[in-house]
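Engineer: This is the structure I have questions about; it appears just below.
The values are calculated or read from the model by the stated rules, or taken from the named source; none is laboratory data. It should be emphasised that the depicted structure is a prediction, and the values quoted were computed from it without experimental measurement. Note that we place each Cβ from the backbone using ideal geometry, even for glycine, and neighbour counts take in every protein chain shown.
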Amino acid sequence: MKTIAFSILALAMAQAQAQPIQGTMLKDPTLNAEMVRTGFLVSHPDLRYRELGMEARDAGRYEEALSHLKRAARHADKPSQAMIAEMLWKGEGVPQDRPMAYAWMDLAAERGWQQFLVWREQYWSQLDESERERAIRDGQVLVAEYADEVARPRIDGVLRKARAQITGSRTGFFSGGLKVLVPGPGNHTHTIDGAEFYDDRFWNPEKYAAWHDEVWRRSGKVGVGAAEHVPDSGR
C-alpha cells in the first residue's frame, strides 16, 4: 500500500514539475468584473489582497506584492500563502529562503488541497537536513499567526459583519427581489441579480469555507508556477 501511495505522489510531483500551473480559480468572484465593481472585494479581504498581490507581482513590485499577500494570508487565504512560498523558494524579488518557503507551503496545504500537498512534498524533498530542521522550527512562528485556527476567525468576523449589513439580512438574509446596479462606461449601468451577488456561500463563514474547499479541491489551480528545483543561493 505504501508503494502504491508513493508512486501516485511521485507521478503527481513529476507532472507538476513538467507543467506550470496557470492560475484561474473556478467561479472566483474576483474574475467577475461586475462583482468587483460593486465593492464585493471590500468585504472579502482574502480575495482583495490576493488580487492586489498578484497585480503587484506581475508588475514586478515584489515588496508590495509580498505585503498584500501576507494580508490575504492573515485572512486564511491559502493561495496567497502558496504564492508567498514560491516567491521565497525562487528568491523572486525577495531574498531566497527555502526553509521558510516550505513553512509557508506547509500552511497552504493544511486543508489537504492536492496541488498544494504536491508542492509541499516537492519542497521538502529538496531541503537538506539542516534546512528541514529550520523549516520546522521557524514554521511554528507562522502557525501562530497564519494557520486556520487563528486566521479563519479573522475572515469569519469580516463576513459576519458584512452579512449583517446586507439588505434583507435580518429577514432571512435575501428576499430574492434585490438588484444590484453597477456603474459602467459612458454613464451606463449594468444590473446584477441579487441572487448572484448575495449568494449565501459568499457571506456565510461556514459556506464560504466549504465553497473554497469545493473550488480548490476540483481545480487545484493558483497563480503559482511549477515548484522547480532551485538550489540554495547561499551554498
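Engineer: For residues that are of a type in the set (Val, Ile, Thr) and surrounded by 13 or more Cβ atoms within 10 Å (Cβ to Cβ), scanning just segment 137-157, find the one that is farthest from ASP213 (Cα to Cα).
Structural biologist: The residue in question is VAL143.
Engineer: Can you tell me which residue within segment 111-168, out of those that are more than 20 Å from the chain's Cα centre (by Cα) and outside any helix (DSSP H, G or I), is nearest to ALA82 (Cα to Cα)?
Structural biologist: If we take residues in segment 111-168 being more than 20 Å from the chain's Cα centre (by Cα) and outside any helix (DSSP H, G or I), then LEU127 is nearest to ALA82 (Cα to Cα).
Engineer: Now for a separate question. Filter segment 25-51 down to residues that are farther than 21 Å from MET83 by Cα, at pLDDT 70 or above and outside any helix (DSSP H, G or I), then give me how many there are.
Structural biologist: The qualifying residues number 1.
Engineer: OK, next. If you go through segment 59-85, how many residues are in a helix (DSSP H, G or I), over 16 Å from ALA144 (Cα atoms) and among the hydrophobic types (A, V, I, L, M, F, W, C)?
Structural biologist: 7
Engineer: Hey, among the residues in segment 66-89 that are closer than 16 Å to ASP106 by Cα and charged (D, E, K, R), which one's farthest from the chain's Cα centre (by Cα)?
Structural biologist: Here the answer is GLU86.
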